[in-house]
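A short reminder: the numbers here are calculations on the coordinates, not readings from a lab. Quick caveat: nothing in here was measured; it's all calculated off a predicted structure. Here the Cβ positions follow ideal geometry from the backbone for every residue, glycine too, while neighbour counts run over all protein chains shown.
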There are 2 protein chains.
Amino acid sequence: MAVDPRPLRVVDSSDEHLEETRVEGARVYDGALLDVRRDVVRLPDDTTTIREYIVHPGAVLVIPVLADGRFVVERQFRYPLHRVFLEFPAGKLDAGESPLATAQRELKEETGYIAERWTRLGLIHPTVSYSTEAIEIFIADDLTHVGRKLDDGEFLDVTEMTGTALFAALDAGELTDAKTVAALLMYSRKRGGP
Amino acid sequence: MAVDPRPLRVVDSSDEHLEETRVEGARVYDGALLDVRRDVVRLPDDTTTIREYIVHPGAVLVIPVLADGRFVVERQFRYPLHRVFLEFPAGKLDAGESPLATAQRELKEETGYIAERWTRLGLIHPTVSYSTEAIEIFIADDLTHVGRKLDDGEFLDVTEMTGTALFAALDAGELTDAKTVAALLMYSRKRGGP
């Protein structure tokens, strides 16, 4: 079961005046990572325009919570922006993989932790204007460290931070990864902030 | 002045063990919206891999606050996900345009409001793994409605919501646009939540 990127607020009759419909389209780039589409679409006023976007398999983000309340976080170099980002563990779904299985796999591979208890926190869409990507967010509790096994070509540092330190990093402009910021708010709504 | 997507935490000596360096690369798709690159990069262990990503001009998000504390928000159909999203006003920088000028232009064009007072709230990166996009976030206060003028091919509804209603939409899974969720947290950190 893949991430369903459209679980709520699909177009209903009250949204018909906003809806765009596909006339034709094609894959314009099929890369190692990116699947790029270009569609001709009909707009609400019956004119047509071009929409270009990435087709993405879906992803997960994991909020791993240690017994003392600290979070397991990563520092990872992100090539497009050529700098290191502070992020919660995350990763893409493999073909046929469920979001929960992806979350469990990525947490173990990237941080070396397994979790006894998993809670689904919600769904976010990082780039609604040009990607189909949806990210399922999970909380991982009751962690045990068993040793990590990174993918080939994957390099990242794992560290632990308190909620207070994470919010301080946000306030200082040092935490800018949107999925991590969004997840931090959703977590605080559910379990309380620092 | 464009959005500088790398204002903080550029690679320093402590991050050298994570850094990836470009060996060669090319633009593999040059569309109406998307500029797609494919680079061969050298990894920290001296092996090479492929990185594919979107080169993006940068964007802004505006949090427009009415005198009674309500927010001006949009409901916009997003073609890649084929549904309507609840979002703060946002848009891409035109060539040579400053983020503040973009914010003022987009707010007026999309919602019909102009603002007397502008406050920069921070920066987020929506898709660190495959886009250079950075979004500057602004708060717009002291609003006056002067009438909107949408771009050709742009259709969206404008509405007003309390902070309480926005958080309720988040808790209900109806607010999933990551930039809007992240901006809501940053705003609450600065001015207090509901």
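The Cα atoms of the stretch A:48-194 cover 56, 35, 31 Å along the three principal axes, with the biggest extent listed first.
So if we plug the beta-carbon distance of B:S14 and A:D30 into 1/(1 + (r/R0)^6) with R0 = 41 Å, what FRET efficiency do we get, rounded to 0.05? Intermediate values should be presented prior to the final figure.
Values: r = 38 Å, r/R0 = 0.92.
In this case the efficiency is close to 0.60.
Say each of B:F155 and A:T49 gets a label point 7 Å from the Cα, pointing the same way as Cα to Cβ; how far apart are those two points in nm? Taking the simple label geometry, B:F155 and A:T49 are separated by 1.1 nm. Only helices enter the 222 nm calculation for chain B: every DSSP H run of n ≥ 4 contributes -39,500 (n - 2.57), and dividing by all residues gives -6000 deg cm²/dmol, rounded to 500.
Rg/Rh for the stretch B:83-153 stands at 0.98; both radii use Cα atoms, and Rh follows the Kirkwood definition. Averaged over peptide A:46-54, the number of partner chain Cβ atoms lying within 10 Å of each residue's Cβ comes to 5. Counting only other chain Cβ atoms within 10 Å of each residue's Cβ, the peptide B:180-192 averages 5. Largest GNM mean-square fluctuation across A:A168, A:A32, A:A134, computed for chain A with C-alpha springs under 10 Å, falls on A:A32. Measuring nothing but how far apart in sequence close Cα pairs (under 8 Å, 6+ apart) lie, relative to its length, chain A scores a relative contact order of 22 percent.
Model label points for A:R189 and B:L66, set 7 angstrom from Cα along the Cα-to-Cβ axis, are 2.1 nm apart. Helix B:99-111 and the longest principal axis of the C-alpha atoms of chain B enclose an angle of approximately 50°.
Considering the zone a paramagnetic label at A:D94 would reach in this model (a point 7 Å from Cα along the Cα-to-Cβ line), which residues of the stretch A:38-58 have amide N under 20 Å from it? Inside the label zone: A:56-58.
Considering all different alpha carbon pairs of the protein assembly as shown, the Kirkwood hydrodynamic radius works out to 21.4 Å. Sorted from closest to farthest, the other copies place their A:D45 label points 5.6 nm away, with each point set 7 Å from Cα along Cα→Cβ.
Peptide A:28-36 shows a mean partner chain C-beta count of 6 within 10 Å per residue C-beta.
For B:L66, the point set 7 Å out from Cα toward Cβ sits 4.6 nm from its twins in the other copies, listed from shortest up.
A label point on A:T119, set 7 Å along the Cα-to-Cβ line, lies at 3.2 nm from each of its counterparts in the other copies, closest listed first.
Suppose a student asked you for the relative contact order of the stretch A:82-152, using Cα pairs under 8 Å spaced at least 6 residues apart; what percent would you report? Relative contact order comes out at 31 percent.
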